[in-house]
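Trainee: Structure incoming, see below.
The values are calculated or read from the model by the stated rules, or taken from the named source; none is laboratory data. In this text the structure is predicted, and so the values were computed from the model without any measurement. FYI the Cβ positions are ideal-geometry reconstructions off the backbone, even for glycines, and counts take in every protein chain you see.
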Amino acid sequence: MSRFKLSCMQVIAIAKNTYKEAIRSKIFYVLMAFAIAMLGFAVILSFLTIGSQKRVILDLGLAGISFFSVMTSIFVGIGLIYLEIEKKTIYNVLSKPLPRASFIVGRYFGLMAVLGINLIAMLIILSIALLFFKGFTPMIFYAGLFIYLELAVITAIAIFFSSIASPVLSAICTLAFYLIGHTSSTFPEMLVPLLHNDIQKKIALFFFHILPDLSILNVSNLITYNIPIAPGFTIRGIIYAVLFSTLLIFAGCLFFKKRDLV
Amino acid sequence: MTKDAILVKNLKKHFKGHLSIGRIEALKGVNLEVKEGGIYGFIGPNGAGKTTTLKIITGLIFPDEGEVQIFGKPHTDYIIRKDIGFLPESPYFYDYLTGEELVKFFGSLFGIQKKELNERTKYLLDLVGLKGKEKIPLRKYSKGMLQRVGLAQALINDAKLLILDEPMSGLDPIGRREIRDLILKLKEEGKTIFFSSHILADAEMICDEVAIIVKGKIVQKGRLEELLAKDVQFYDISFKGIETPPELKDKVVVAFEGYSMIRLKDEDEVDKALATLINKGGKIMSLMPHKTSLEEIFLSSIEEKKNE
Ligand SMILES: Nc1ncnc2c1ncn2[C@@H]1O[C@H](COP(=O)(O)OP(=O)(O)OP(=O)(O)O)[C@@H](O)[C@H]1O
Ligand SMILES: [Mg+2]
């Protein structure tokens, strides 16, 4: 068997195991229950608003799904590597013939599978609610794709921190990353005018450009307000998410490679 | 020339102390040659550096200095671990898996195909005495059961070399015996077994070769029978029916209600003493050669190290 084929088998085995771990753990169900409660809340709230009931459900529903998926991604993701070391379960995995990178990649794909299934389940529930109020649009699945792309990035960030830091620190860093990612697109407008000379402005703009920009992956607004989606938007989002996550996972693997597992 | 299954050269490793203060020299230049075939015991008191050595061999931590070869190849290439079955110290496993799922999971990391994996898993769980417990999640296993499932997963790839960290820990006397028998069986199959332990009786019973590590240094190593024969042995003779003859008076260890026991250092003395005693009409009750036990070697090694 070639090394490549062996590695693929190992990544699949680890991903499957990660999946089992998640669906057999409590935190997963707790977050799922919250998400469903949020949908219920959206429906109740929609009765109280004067405007379009459909829009409130769609809006709050997508926001809720996105929020709870991100929370699952962060709170499961930060433990993905660290807890394995903490609980010493990693010893037995890494003493097998597998490169450490396979472990990280397998863990990543496993959590992405969990998040994917989780997301589809929540979208189906949202669809049912919307069908009930005659407000269903297939665009929610398009929004789902973008939520998933965002999750790919967030999970990569969480796993990156998890391979170098403790869960608490990882959680803080990942959340900070998430917040910066969602607001960074407004930084140039807000902050650059405050600077006085051109060089400062150029430097500031350069830094803003290397910050993560998750607004690229945000379509919920476009959908709720029925704004037409520009051609190339989808491809741009996919490329951005894939590149960003690959880079982060690669960096995580590099740090993890030489680490003493004590 | 036959290759060593494990060759460890001048291994050094330090750890940072608590809160990164201070420096613990866990290994101070360890050398080991584990020949192919046979059982090699790696003995040492708590904190001597056994687990540290095994973790370096299996690639979990990196040495400061020194090198390791497995069947003649550097251990830095992960693929050589295909030939190793490893049981970590007090096995920590995914407790949400069942015994069967766990063994299969580790099997799949070796690229074992499904059909073979199913058969082998069943066979091994049976072999380690977990028949009927396959479908129970590990969180409900007892310590001894965990140790057994740990052994089963270490055997899943049918490796030529088995590295076991404290394989007998957590087991009751019957369990220990079963594991000893299993290790002997594996040896018969031509495998090399390298295991760490501080239970000397176990090691003494099954090892062909041992190395004793104390405070990060190997203090004794070699074939077990040579180590045991090296130190001076003595003989105890007990007899009754006569007073101890004057020439043997200074050898008496106990004298009690007509029984006496004398202790002699070498064989010639024993022959002479026996002749004397029988001549005088004494009745020999027993003649006990006293061999140095591994425990005594072990304790004296630690004692020497302390005085250094
Ligand atoms: N992660 C660590 N951080 C700091 N010190 C460590 C670490 N791991 C081991 N040590 C120290 O290294 C030394 C050797 O430990 P090791 O676990 O190798 O001993 P051992 O021979 O396996 O002992 P035991 O029989 O108790 O299992 C000990 O002094 C221990 O305190
Ligand atoms: Mg140990």
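Trainee: Return the residues of the range B:144-174 that are away from ligand 1 (no atom under 16 Å from the Cβ) and either in a loop (DSSP other than H, G, I, E, B) or not assigned by TED's automatic domain parsing to the domain that holds B:Leu54 (or both); say none if nothing qualifies.
Mentor: The answer is B:Leu155, B:Ile156, B:Asn157, B:Asp158, B:Ala159, B:Lys160, B:Asp172.
Trainee: While we're looking at this one, here's another question. Checking the conditions here, which among B:Asp165, B:Asp126 is crowded, with 18+ Cβ neighbours inside 10 Å and of a type outside the set (A, V, I, L, M)? If you could, list the steps in order and put the result at the bottom.
Mentor: Details: B:Asp126 fails: crowded, with 18+ Cβ neighbours inside 10 Å.
The conditions single out B:Asp165.
Trainee: Output the qualifying pairs, or none if there are none: Cβ atoms under 6 angstrom, residues six or more apart or on different chains, first residue in the range B:34-62 and more than 24 Å from B:Ile297 (Cβ to Cβ), second residue basic (Lys, Arg) and more than 8 Å from ligand 2 (Cβ to nearest atom).
Mentor: As it stands, the answer is B:Ile61/B:Lys55, since those pairs meet every condition given.
Trainee: Being in a helix (DSSP H, G or I) and either within 14 Å of chain A (Cβ to nearest Cβ) or away from ligand 2 (no atom under 16 Å from the Cβ) (or both), is that true of even one residue in the range B:209-220?
Mentor: Looking for residues that are in a helix (DSSP H, G or I) and either within 14 Å of chain A (Cβ to nearest Cβ) or away from ligand 2 (no atom under 16 Å from the Cβ) (or both), one finds none in the range B:209-220, hence no.
Trainee: Name the single residue that is nearest to B:Asp208 (Cα to Cα) among those in the range B:17-40 being within 14 Å of chain A (Cβ to nearest Cβ) and more than 16 Å from ligand 2 (Cβ to nearest atom).
Mentor: So the residue we want is B:Gly17.
Trainee: So which of A:Ala171, A:Ala129, A:Ala101 is under 15 Å from the mean Cα position of the chain (by Cα) and either within 14 Å of another protein chain (Cβ to nearest Cβ) or in contact (Cβ under 8 Å) with a residue 60 or more places away in the chain (or both)?
Mentor: A:Ala171
Trainee: Okay, next question. State all residues of the range B:1-33 that are more than 19 Å from B:Arg223 (Cα to Cα), surrounded by 13 or more Cβ atoms within 10 Å (Cβ to Cβ) and either among the aromatic types (Phe, Trp, Tyr) or free of Cβ contacts under 8 Å to residues at least 40 places away in the same chain (or both); if no residue qualifies, say none.
Mentor: Within the range B:1-33, B:Phe15, B:Ile24 meet the criteria.
Trainee: Does B:Ile163 count as within 16 Å of ligand 2 (Cβ to nearest atom) and within 13 Å of another protein chain (Cβ to nearest Cβ)?
Mentor: yes
Trainee: Then there is this: Please go through (1) in contact (Cβ under 8 Å) with a residue 40 or more places away in the chain; (2) crowded, with 17+ Cβ neighbours inside 10 Å; (3) small (Gly, Ala, Ser) for B:Gly190 and return the number of the only condition it doesn't satisfy.
Mentor: Answer for B:Gly190: the failing condition is (2).
Trainee: Could I ask something else about it? Given the options B:Glu257, B:Glu204, B:Glu269, B:Glu226, name the one that is surrounded by 18 or more Cβ atoms within 10 Å (Cβ to Cβ) and not aliphatic (A, V, I, L, M).
Mentor: Answer to the check: B:Glu204.
Trainee: Taking the residues in the range B:41-81 that are away from ligand 2 (no atom under 16 Å from the Cβ), crowded, with 19+ Cβ neighbours inside 10 Å and among the aliphatic types (A, V, I, L, M) as candidates, determine which candidate is farthest from the other protein chains (Cβ to nearest Cβ).
Mentor: Once the filter is applied, the top-ranked residue is B:Val68.
Trainee: Moving on to the next point. Being exposed (fewer than 14 other Cβ atoms within 10 Å of the Cβ) and of a type in the set (Gly, Ala, Ser) narrows it down to one of A:Ala204, A:Ala171, A:Ala176, so name that one. Quick ask: steps written out before the conclusion?
Mentor: On the way: A:Ala204 fails: exposed (fewer than 14 other Cβ atoms within 10 Å of the Cβ); A:Ala171 fails: exposed (fewer than 14 other Cβ atoms within 10 Å of the Cβ).
Criteria check complete, one pass: A:Ala176.
Trainee: Could you tell me whether the range A:73-87 includes any residue that is of a type outside the set (Phe, Trp, Tyr), within 14 Å of A:Ile140 (Cβ to Cβ) and away from every other protein chain (no Cβ under 14 Å)?
Mentor: Within the range A:73-87, not a single residue is of a type outside the set (Phe, Trp, Tyr), within 14 Å of A:Ile140 (Cβ to Cβ) and away from every other protein chain (no Cβ under 14 Å).
Trainee: In addition: Just wondering, is there one or more residues in the range B:261-270 that are closer than 30 Å to B:Leu11 by Cα and modelled with pLDDT under 85?
Mentor: No, every residue in the range B:261-270 fails to be closer than 30 Å to B:Leu11 by Cα and modelled with pLDDT under 85.
Trainee: Condition test on B:Gly85, is it away from ligand 2 (no atom under 16 Å from the Cβ) and under 27 Å from B:Lys143 (Cα atoms)?
Mentor: yes
Trainee: Within the range A:25-43, is there a residue that is more than 10 Å from chain B (Cβ to nearest Cβ), without any contact (Cβ under 8 Å) to a residue 12 or more places away in the chain and more than 21 Å from the chain's Cα centre (by Cα)?
Mentor: The answer is yes, given that some residue of the range A:25-43 is more than 10 Å from chain B (Cβ to nearest Cβ), without any contact (Cβ under 8 Å) to a residue 12 or more places away in the chain and more than 21 Å from the chain's Cα centre (by Cα).
Trainee: With the condition kept exactly as written, say whether any residue in the range B:25-44 is within 8 Å of ligand 1 (Cβ to nearest atom) and under 16 Å from the mean Cα position of the chain (by Cα).
Mentor: Yes, the range B:25-44 contains at least one residue that is within 8 Å of ligand 1 (Cβ to nearest atom) and under 16 Å from the mean Cα position of the chain (by Cα).
Trainee: Within the range B:175-202, restricting attention to residues that are within 15 Å of ligand 1 (Cβ to nearest atom) and at pLDDT 90 or above, which residue is nearest to B:Ile84 (Cα to Cα)? Steps first, please.
Mentor: Initially, the range B:175-202 is screened for residues within 15 Å of ligand 1 (Cβ to nearest atom), giving B:194-200, B:202.
Next, only the ones that are at pLDDT 90 or above stay: B:194-197.
Values: B:Phe194: 10, B:Phe195: 12, B:Ser196: 15, B:Ser197: 19 Å.
The qualifying residue nearest to B:Ile84 (Cα to Cα) is B:Phe194.
Trainee: Could you look through the range B:82-127, keep only residues that are among the aromatic types (Phe, Trp, Tyr) and at the interface with another protein chain (Cβ under 9 Å from one of its Cβ atoms), and pick out the one that is farthest from B:Leu171 (Cα to Cα)?
Mentor: Among those that are among the aromatic types (Phe, Trp, Tyr) and at the interface with another protein chain (Cβ under 9 Å from one of its Cβ atoms), it is B:Phe110.
Trainee: Given A:Leu211, A:Leu222, A:Leu217, A:Leu194, which one is modelled with pLDDT under 80, over 30 Å from A:Glu86 (Cα atoms) and loosely packed, with under 12 Cβ neighbours inside 10 Å?
Mentor: The match here is A:Leu194.
Trainee: Next up: Taking the range B:45-70 as the search range and keeping residues that are in contact with a helix residue (DSSP H, G or I) (Cβ under 6 Å, 6 or more places away or on another chain) and within 13 Å of B:Val8 (Cα to Cα), which one is farthest from ligand 1 (Cβ to nearest atom)?
Mentor: This residue is B:Ile70.
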